[in-house]
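The structure under discussion appears below in the form of structure tokens.
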Amino acid sequence: MSVNTLNGNGNKRIARQTRRRHRPERWLVFVALVIICTGFALPFIWMISTSLKTLDKTMSMPPQLLPSPAIPGNYLTVLNHPKLNFPLLTRNTLIVAVLSVVGTTLSSALVAYGFARIRFKGNSALFGLMLATMMIPFPVIMVPLFAVFRFIGEHAAMPLLGTLTPLWLPAFFGSAFNIFLLRQFFMTLPLELSEAAQIDGCSEIGIFWRIIIPLARPALSVVALFTFMGAWNDFLGPLVYIQDPSQYTLALGLQTFQSQHGGTEWNLLMAASVLVIIPVIILFFLAQKTFIQGIATTGMK
Amino acid sequence: MSPLERRRLGSGLVFISPWLIGFTVFLLIPVCLSFYYSFCDYSLLQTPAFIGLDNYRELLGDPVFWQSLRNTGVYASLALPAGMLVSLGLALLLNQKVVGQSIFRTLIFLPSLVPTVASAMLWLWLFNAKLGLINTLLDMPPFAATIQGINVALGAVHLPQIQTPISWLTDPAWALPALAFMSLWGVGQTVVIYLAGLQDVPGELIESAELDGANAWQRLWNVTLPMLSPVIFFNMIMAIIGALQEFSIPYIMTGGGPARATYFFTMYLYDNAFTYLKMGYASAMAWIQLLIVLLLTGLSFWLSKRWVHYQSK
């Protein structure tokens, strides 16, 4: 197919015509999206619907989409369930999540500043090494890390295994991916800012704390958000390091509840799952922009 | 080294010291220990005893090791291409300016935020053979007719037919495909990465292709996809590494069953380490996993030279 045009005006006219011809496709796209999005939303709807049913109704055939009677009390039952101990699980998860967020954000920012703003010998070599470490999967170091924590625990006179500490302690030593993310951001800030502050007698740590950190708030919130999500989500970490049920996190507690009950009380299980998901959804709607920007930068390497 | 250089080195090292310490204690030492353990008989209870290559030799003759590797490979070869097609297709659809675009985007993205354990609970319920929503839907006329059609086609080429209701997680033939299907629900983050990549495709390029008479398919194949190839490449590597580490979902949903049909590499590693306390054996597996990751990443980088197009070059 070829388009013959004599001048620019003709070009534009043809372009407009082609665009008009695309209108019906738009409707096709719309219909396709409605169908696909219904499919993506259906599991959520089903989960909420089940969480409001009586145990009998979860087993009725054919299943009802709208629960009748609707039992919001299922949520109270779950919150007060002795086998689940929701308040304790939430507390443990929050301890790990908050400490991880504080530790990762602070330490990663410090290290990223060193890599981005200080031209010292070996900077790029060490940075390259750090990037390479991102390739190492957690299962590879899972076993020896266990031994390292046991060793530290035995020699520091405070046991680490069987406490929540192994889950948040490494966060205070920076995480490669977040250091990378923050370094890229710090590099975009004009060097003149640091130079002017240096002339005014500001120290390196002063520049970091008073100039760079306030400017880096968007990038720091991306790091904080994703660290929180990671901690809230983590299952393998708690599974390896936590033995005592009094230290279970939500992820571990929910899984234990399911495996002990053989997955029969689906209404309660779904209510508990909804409760675990809700904070994440709220966080998403509060920080939607940060989320999308954060993920988008992930792919920008 | 001049005084300025020395001062810079000093403050540089101070700033990166958290990472230097963390790298040494939580990565370098564990990696070296893991390498050493992989040549040892080590049960965590006594000191490691050096046994040379025995762990690796035993692994090569261990049918469970091979099965876990094969399961992981089969899962990856199902979930990866499917995930790639679905996420790319969704990104292209969501990139069109249609009414309700932001609602559609949110609906596709939200499932990827659901914590792994909650998602496992939900899909256990959806996949439930007797009461699950999926089998209920498959009983409905349009889907039932489709399955019947597929069965006629399968019968024509003398293949076993689909028996309904499908025991998604308890039938060894269906368990891995079921988990791969479930993984499609979480493509939201990949879609967002593709959408960001699509913003970087210059509009002029597409318009000029349009003026040259390229149809929608040609524009996609010859302009958009080549421009998007670095992002596709990045997502592919992340997906491969992710599949090799798959653990939580099968651990929670099937425990590796039925008949080890969903027993993944990382699950066998975990069981060796923390169930059978064979830390040396597990470490040998860890090193094999690391080598596979490095090999696959290297291979994808090498292949990428043939099809990834970087805009700056």
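The values are calculated or read from the model by the stated rules, or taken from the named source; none is laboratory data. All figures in this text were calculated on a predicted structure; none of them were measured in a lab. Cβ placement follows ideal geometry from the backbone for every residue including glycine, while neighbour counts extend to all protein chains displayed.
Summary of computed values
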item: Considering residues of region A:81-91 that are touching a residue at least 12 places away in the same chain (Cβ under 8 Å) and not in a loop (DSSP other than H, G, I, E, B) only, the residue nearest to the other protein chains (Cβ to nearest Cβ); result: A:Leu89
item: Residue within region B:232-244 that is in contact with a helix residue (DSSP H, G or I) (Cβ under 6 Å, 6 or more places away or on another chain) and not in a helix (DSSP H, G or I) present; result: no
item: Any hit, region A:30-41, residues being over 30 Å from B:Phe23 (Cα atoms), in contact with a Pro (Cβ under 7 Å, 6 or more places away or on another chain) and at pLDDT 85 or above; result: yes
item: Qualifying residue in region B:124-131 (condition: free of Cβ contacts under 8 Å to residues at least 12 places away in the same chain and away from every other protein chain (no Cβ under 13 Å)); result: no
item: Some residue of region A:181-188 being more than 22 Å from the chain's Cα centre (by Cα), within 11 Å of chain B (Cβ to nearest Cβ), buried (at least 21 other Cβ atoms within 10 Å of the Cβ) and among the charged types (D, E, K, R); result: no
item: Any hit, region B:37-52, residues being among the hydroxyl-bearing types (Ser, Thr, Tyr), under 30 Å from A:Ile35 (Cα atoms), free of Cβ contacts under 8 Å to residues at least 12 places away in the same chain and surrounded by fewer than 17 Cβ atoms within 10 Å (Cβ to Cβ); result: no
item: Candidates A:Leu126, A:Leu106, A:Leu94, A:Leu145 - the one that is outside any loop (DSSP other than H, G, I, E, B), under 30 Å from A:Leu268 (Cα atoms) and not polar (S, T, N, Q); result: A:Leu94
item: Failed condition for B:Thr224, given (1) out of contact with any Gly (no Cβ under 8 Å at 6 or more places or on another chain); (2) of a type in the set (S, T, N, Q); (3) farther than 26 Å from A:Thr133 by Cβ; (4) at pLDDT 90 or above; result: (4)
item: Whichever residue in region A:91-125 is under 15 Å from B:Pro18 (Cβ atoms) and not hydrophobic (A, V, I, L, M, F, W, C) and, among such residues, is surrounded by the fewest Cβ atoms within 10 Å (Cβ to Cβ); result: A:Gly103
item: Selected residue (criterion: farthest from B:Ser43 (Cα to Cα)) from residues of region B:282-298 that are within 17 Å of the chain's Cα centre (by Cα) and facing chain A (nearest Cβ under 9 Å); result: B:Thr297
item: Filtered residues of region B:274-284 (kept if surrounded by fewer than 24 Cβ atoms within 10 Å (Cβ to Cβ) and not basic (Lys, Arg)); result: B:Phe274, B:Thr275, B:Tyr276, B:Leu277
item: Filtered residues of region B:1-36 (kept if touching a Lys or Arg at 6+ places or on another chain (Cβ under 9 Å), facing chain A (nearest Cβ under 7 Å) and surrounded by fewer than 20 Cβ atoms within 10 Å (Cβ to Cβ)); result: B:Glu5, B:Arg8, B:Leu9
item: B:Phe301 vs. criteria part of a helix (DSSP H, G or I) and facing chain A (nearest Cβ under 8 Å); result: no
item: Qualifying residue in region B:154-165 (condition: assigned to a loop (DSSP other than H, G, I, E, B), closer than 30 Å to A:Val276 by Cβ and modelled with pLDDT under 85); result: yes
item: Matching option when the condition is of a type in the set (Ser, Thr, Tyr) and more than 9 Å from chain B (Cβ to nearest Cβ), among A:Ser108, A:Ser175, A:Ser100; result: A:Ser100
item: Conditions (1) within 14 Å of another protein chain (Cβ to nearest Cβ); (2) within 30 Å of A:Phe177 (Cβ to Cβ); number of the one not met by A:Leu65; result: (2)
item: A:Thr54 more than 24 Å from the chain's Cα centre (by Cα), at pLDDT below 95 and within 12 Å of chain B (Cβ to nearest Cβ); result: no
item: B:Leu176 being part of a helix (DSSP H, G or I), within 10 Å of chain A (Cβ to nearest Cβ), buried (at least 17 other Cβ atoms within 10 Å of the Cβ) and in contact (Cβ under 8 Å) with a residue 24 or more places away in the chain; result: no
item: Criterion (hydrophobic (A, V, I, L, M, F, W, C), more than 10 Å from every other protein chain (Cβ to nearest Cβ), surrounded by fewer than 17 Cβ atoms within 10 Å (Cβ to Cβ) and under 18 Å from the mean Cα position of the chain (by Cα)) met by exactly one of A:Leu286, A:Leu220; result: A:Leu286
item: Wholly enclosed helices (runs of 4 or more DSSP H) of region A:150-240 bearing at least 3 residues at pLDDT below 90; result: A:176-188, A:191-199, A:217-233
item: Filter result (out of contact with any Gly (no Cβ under 9 Å at 6 or more places or on another chain) and either within 14 Å of another protein chain (Cβ to nearest Cβ) or outside any helix (DSSP H, G or I) (or both)) within region B:37-75; result: B:Leu44, B:Leu45, B:Gln46, B:Thr47, B:Phe50, B:Gly52, B:Leu53, B:Gly61, B:Asp62, B:Leu69, B:Thr72
item: The listed residue being without any contact (Cβ under 8 Å) to a residue 60 or more places away in the chain and buried (at least 16 other Cβ atoms within 10 Å of the Cβ), out of B:Pro111, B:Pro81, B:Pro115; result: B:Pro115
item: Among the residues listed as A:Ala272, A:Ala231, the single one being at the interface with another protein chain (Cβ under 8 Å from one of its Cβ atoms), closer than 30 Å to B:Thr275 by Cβ and in contact (Cβ under 8 Å) with a residue 60 or more places away in the chain; result: A:Ala272
item: Whichever residue in region B:250-281 is within 20 Å of the chain's Cα centre (by Cα) and facing another protein chain (nearest Cβ under 9 Å) and, among such residues, is nearest to B:Ala76 (Cα to Cα); result: B:Phe265
item: Selection within region A:116-125 - more than 7 Å from every other protein chain (Cβ to nearest Cβ) and in contact with a helix residue (DSSP H, G or I) (Cβ under 9 Å, 6 or more places away or on another chain); result: A:Ala116, A:Arg117, A:Gly122, A:Ser124
item: Any hit, region B:87-101, residues being under 29 Å from A:Leu252 (Cβ atoms) and either buried (at least 18 other Cβ atoms within 10 Å of the Cβ) or facing another protein chain (nearest Cβ under 9 Å) (or both); result: no
item: Filtered residue count, region A:249-274, keeping only those that are surrounded by fewer than 23 Cβ atoms within 10 Å (Cβ to Cβ) and not in a helix (DSSP H, G or I); result: 4
